Amino acid sequence: MATIQKVKRRSDFAYRVLIRQAGMKSFTKTFNTKRLANKFVSEIEGDRSLLIAHTQSKSKTPLTLVIDEYLKKEFKGSRPNEYKQKLNFWIEAIGTQPIINITTTDINEALGTLPGHFRNATINRYVAAISVVFSYAYREYGLQVNPIRKIPSLPRIMSEQGSCQKLKERVYLALVETLIGISYTS
């Protein structure tokens with residue numbers, strides 16, 4: 001079912017895992033060490049759904065499967081419930097689409113459905129949550145383009161009462177006003 005081939009690179013060696021199974025598309029993945037290649041083979045042979053996900057055509061793998069695999073294998077955050085809530089938003093918005101078909105336009109349309117009272121920082125957190133999933137898909141599923149890369153971060157908007165910098169500016173201007181006698185505030 002799976003074979004590991006030693007491949008000569010320019011300056012060192014790599015190890016290519018080749019998986020062939022009847023009724024499924026062949027799949028290859030390259031690793032820097034033989035230990036990583038063996039670990040991958042043992043994981044993939046033990047989990048049929050993972051094998052199907054890897055051997056499936058890229059265009060058929062839905063975002064929901066990629067998110068589930070990411071949460072099982074890669075997620076190492078400190079707030080899993082908060083993160084799952086953000087990813088559930090993306091599953092509801094575009095979860096049934098194949099990952100290869102998701103575009104920046106789809107992401108922007110989904111962002112437009114977020115509640116209007118969300119601050120820019122909260123929206124950026126939603127974008128960051130799905131961006132990590134697409135980075136995982138880029139590494140594990142052979143995704144060629146990350147649609148999130150083209151979405152700029154929204155600027156942080158500081159509130160007057162919570163901004164230390166604004167407080168420093170007000171104190172400085174008040175000091176200048178008292179020393180010079182000129183009012184800079186409107």
Inset, instruction - Inspect all residues belonging to region 124-134 and state whether any of them is modelled with pLDDT of 65 or more, of a type in the set (Ser, Thr, Tyr) and surrounded by 15 or more Cβ atoms within 10 Å (Cβ to Cβ). - result: yes
Legend entry - Sole residue being modelled with pLDDT under 85 and over 17 Å from ARG139 (Cβ atoms), chosen from GLU45, GLU74, GLU109: GLU45
Inset, instruction - Name the one entry in THR96, THR64 that is open to solvent by 30 Å² or more (accessible area, probe 1.4 Å), touching a residue at least 24 places away in the same chain (Cβ under 8 Å) and not in a helix (DSSP H, G or I). - result: THR96
Inset, instruction - Could you grab me the full set of residues in region 100-143 that are more than 17 Å from ILE67 (Cβ to Cβ) and aromatic (Phe, Trp, Tyr)? - result: PHE118
Legend entry - LYS166 vs. criteria touching a Ser or Thr at 6+ places or on another chain (Cβ under 6 Å), modelled with pLDDT under 80, of a type in the set (D, E, K, R) and open to solvent by 50 Å² or more (accessible area, probe 1.4 Å): no
Legend entry - Members of region 121-147 found to be assigned to a helix (DSSP H, G or I), touching a residue at least 24 places away in the same chain (Cβ under 8 Å) and over 19 Å from ALA93 (Cβ atoms), listed by number: ALA121, GLU140
Inset, instruction - All but one of (1) at pLDDT 75 or above; (2) surrounded by 15 or more Cβ atoms within 10 Å (Cβ to Cβ); (3) touching a strand residue (DSSP E or B) at 6+ places or on another chain (Cβ under 9 Å) hold for THR33, so report the exception by its number. - result: (2)
Legend entry - Residue selected from region 99-120 under the condition in a loop (DSSP other than H, G, I, E, B) and not small (Gly, Ala, Ser), by the criterion surrounded by the most Cβ atoms within 10 Å (Cβ to Cβ): ILE102
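The values are calculated or read from the model by the stated rules, or taken from the named source; none is laboratory data. From a predicted model like this one, the values you see are computed outputs, not experimental measurements. Every residue, glycine among them, receives a Cβ derived from its backbone with ideal geometry; neighbour counts consider all protein chains shown. Each accessible area value is taken on the protein alone, full model and side chains, heavy atoms only, with ligands, DNA and RNA left out. Shrake-Rupley method; radii C 1.70, N 1.55, O 1.52, S 1.80 Å.
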